[in-house]
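These notes are about the structure you will find just below.
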Amino acid sequence: QVQVVESGGGLVQAGGSLRLSCAASVSIFSIDSMGWYRQAPGEQREMVADSTRGGSAIYGDSVKGRFTISRDNAKNTIHLQMNSLKPEDTAVYYCSARVRDERYWGQGTQVTVSS
């Protein structure tokens, strides 16, 4: 069983920045991939960014060039640096950890971008 806990959401104006963090309850090296998803009201959950154990990363098309995912292996933590935020980035952001076929989710953190 893996637990992940998000932090760092909040309210920001368009064009601003926020950094989200997600701490895992186990060694990050035992996790196959760890990343961020988001869900806006009335929308499906979508992948924002994902990072594998080897360090490779993928991004959703809507955030490429604006968001960066990074890993702090010593703290079993990943971060999501979000720059040039837009109102359409408003959503609940969820951290997710995948271990083989199991996926674990955090409670989510709200990000609201005002225009």
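The values are calculated or read from the model by the stated rules, or taken from the named source; none is laboratory data. Treat the numbers as computed from the prediction; the structure is a model and nothing was measured. Ideal geometry is used to build each Cβ from the backbone, glycine not excepted, and the neighbour counts take in all protein chains shown. The area values use the complete protein model at the heavy-atom level, side chains included, leaving out ligands, DNA and RNA. Shrake-Rupley method; radii C 1.70, N 1.55, O 1.52, S 1.80 Å.
Here are the numbers for the structure shown:
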{"read-out": "Fraction of alpha-carbon pairs over 18 Å apart in the stretch 28-72 - percent", "value": "32 percent"}
{"read-out": "Lys, Arg +1 and Asp, Glu -1 on Cβ, resulting dipole of the stretch 1-69 about Cα centre, debye, nearest 20", "value": "160 debye"}
{"read-out": "Nearest-20 debye value, the stretch 30-115 charge dipole, Cβ charges on Lys, Arg, Asp, Glu", "value": "200 debye"}
{"read-out": "For the chain: relative contact order, % (alpha-carbon pairs under 8 angstrom, 6 or more apart)", "value": "37 percent"}
{"read-out": "Efficiency of FRET from Cβ geometry, residue 11 and residue 75, R₀ 25 Å, rounded to 0.05", "value": "0.45"}
{"read-out": "For the stretch 9-22, 3J(HN,Hα) per residue [Karplus equation, 6.51 cos²θ - 1.76 cosθ + 1.60, θ = phi - 60°, Hz, x = Gly/Pro]", "value": "x, x, 10, 9, 7, 4, x, x, 10, 9, 10, 9, 10, 9"}
{"read-out": "Within the accessible area of the chain (1.4 Å probe), percent carbon and sulfur", "value": "45 percent"}
{"read-out": "Theoretical FRET efficiency, 1/(1+(r/R0)^6), r = Cβ-Cβ of residue 114 and residue 56, R0 25 Å, to 0.05", "value": "0.15"}
{"read-out": "Projected area averaged over orientations for the chain, convex hull of C-alpha atoms, nm²", "value": "6.6 nm²"}
{"read-out": "Accessible surface, per residue, of the chain when the full set of protein chains is kept, probe 1.4 Å, Å²", "value": "53 Å²"}
